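This report refers to the structure that appears directly beneath it.
Rule-based calculations on the coordinates, nothing more; no lab input. Please read these numbers as outputs of a predicted model, since none were measured by experiment. Ideal geometry is used to build each Cβ from the backbone, glycine not excepted, and the neighbour counts take in all protein chains shown.
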Amino acid sequence: MSTLARARCQAKAHPLAMDAVLATAVLVCMVAGSFVEPRHRDSVSWALRTPDPLSLLLMTFGAAALVFRRRAPMTVLAVTGTLSVIESVTGDPRTPVAMSAVIALYTVASTTDRPTTWRIGLLTMTVLTGAAMAAGPLPWYAQENLGIFAWTGIGATAGDAVRSRRAFVQAIRERAEKAERTREEEARRRVAEERLRIARDLHDVVAHHIALVNVQAGVAAHVMDKRPDQAKEALGHVREASRSALNELRATVGLLRQSGDPEAPTEPAPGLDRLDELTGTFRNAGLHIEVARADQDTTLPAAVDLAAYRIIQEALTNVQKHAGPQAKAEVSVVRVGPNIEITVLDDGSGEQEDEQANRDGGGHGLLGMRERVTALRGTLTTGPRYGGGFRVHAILPSKNRTPTGEDPA
């Protein structure tokens, strides 16, 4: 740390002591100036003089008042200004008591706003200069009177300049701190969004495949003794579903690896091109599904394609879990203008209220659907059908329309 920086730190830590040092220096300057008298006859020269005891007393009081200039700047200015007026009226020969008033005016200007500085500065300049011109022992046009006017103006201007610089530096510091906070908040927001996205993917993968495993395991246990061939087939479906679950879990959890990890997954995210494979796994589990597509081979952005796949996957998983063993499902994917409309219907035999409660309160499936659709600025409608069953209807834009213009995938 440099000497100047160390001195600034000490000044901030002990302001009263620094003001006492400043007051002592001002007193020394005023006393030294009171013993010197300029001559202006033939040439500029200096002569010694003896100041009045009253002038020395006024200088001492004025310097002592500067010790408290930070605590009460207006009061100190009033005291030093009054002492300067008294000195201007009674002092003969003149002594520089006005120096303490100039320092006090500088302090006021550096700690208040500009309008206050203008008002207080003009008042101080007018009072001190007017008193010296009107009631002082020297002629009104004397150089000393004009010097009072000039020095008070310099004090006010310097104080205002210092205040402006402090405000500018403070504004820059606050702007930098705000930018740093914004960066940290943005980083936290991105981390939270990524965690939420991974949680949705994990839920979709686990809920789908575990539901299939549960159904096939139940079938195998039911027919194990009487129809071992069918039980063997069901166990084969369990094995296939568990393998698919492991693969998708590995791909999803692999997103958490570091970018330099050579084992990071390279398999693309699923989309509507794997819809037949998805519905096939449910058909193997015993669910009757009809699929209708009229999307004219539309190429969708990765985020929209993944969201469409996950919505159908979650909706069919809910049908498998809540609609009953004899339920049938219908899946339609239709291109309507700039949007892709996805509809999943079932004719579950359960009561509408019970089925709605199970699907809404049984997990995070519908919430995950809604979050995916909202992230793409689409719309999602879910609810029971008249006469029984459930309906999931999603409208997704065929092009990304996120607020930032980025691909959410």
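For the pair residue 164 and residue 202, what calculated FRET efficiency results from E = 1/(1 + (r/R0)^6), where r is the Cβ-Cβ distance and R0 = 60 Å, to the nearest 0.05?
E between residue 202 and residue 164, to the nearest 0.05, is 0.60.
May I ask you to evaluate 6.51 cos²θ - 1.76 cosθ + 1.60, the Karplus curve with θ = phi - 60°, for each residue of the stretch 393-398 and list the ³J(HN,Hα) values in order in whole Hz, giving x for glycine and proline?
In residue order, the calculated couplings are 10, 10, 10, 10, x, 6 Hz.
With a point put 7 Å past each Cα toward its Cβ, work out how far residue 235 is from residue 299 in nm, to one decimal.
Label at residue 235, label at residue 299, 4.6 nm between them.
For a protection proxy built on the mean count of beta-carbon atoms within 10 angstrom, sort 180-188, 282-290 highest first, please.
So the order, starting with the most tightly packed, is 282-290, 180-188.
Between residue 123 and residue 175, what is the FRET efficiency for a Förster distance of 35 Å, r being their Cβ-Cβ separation, to the nearest 0.05?
0.50
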